[in-house]
Amino acid sequence: MTQEEVAARRSRGAAQSRRSRGAVAAQSRRSRSAAQTQRGADAARRRRSAAQTQRGADAARRRRAAQTRSADAQRRRAAQTRSADAQRRRAAQTRSADAQRRRFRWDQGVSDV
């Protein structure tokens, strides 16, 4: 084999090697890019999941607050009812005592007029 043929073969080999290295580098770039995209998608999914969890927690907190307000209002209404009942009982007792006094005084012959 002449020196020219050897040089030509070497040149072809070097070109092949360069092409191969270029393909490997391109594949590596594609892999890195795909991994980066995947990481971005994972991060976005985590953010969405965290936001969903937060929305759920906020809704639960609002529900609990509403229940508390409702229970407070119910307690207030019950207290008002008890207070009104007590007031009615006191008024009835007063009327009864007044009537009793009037009867007693009538029996004693004292006129209220």
Degrees between helix 3-107 axis and first principal axis of the chain (Cα, 0 to 90, nearest 10): 0 degrees
With eigenvalues of the C-alpha gyration tensor scaled by 5 and rooted, the range 16-69, Å: 52, 4, 4
Using the Cα gyration tensor of the chain, with a ≥ b ≥ c the square roots of its eigenvalues, what is the shape: rounded (a/c below 1.5), prolate (a/b larger than b/c) or oblate (neither)? prolate
Say the dipole of the chain comes from +1 at the beta carbon of Lys and Arg and -1 at that of Asp and Glu; which of Thr37, Phe104, Ala59 then lies farthest toward its positive end? Thr37
Charged-residue dipole, Cβ positions (Lys, Arg, Asp, Glu), the chain about Cα centre, Debye nearest 20: 220 debye
Treat every Asp and Glu Cβ in the range 5-50 as -1 and every Lys and Arg Cβ as +1, leave all other atoms uncharged, and give the resulting dipole magnitude about the Cα centre to the nearest 20 debye. 160 debye
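Read-outs: derived from the displayed coordinates by stated rules, not from any lab. Quick caveat: nothing in here was measured; it's all calculated off a predicted structure. All Cβ positions, glycine included, derive from the backbone under ideal geometry; neighbour counts span all protein chains shown.
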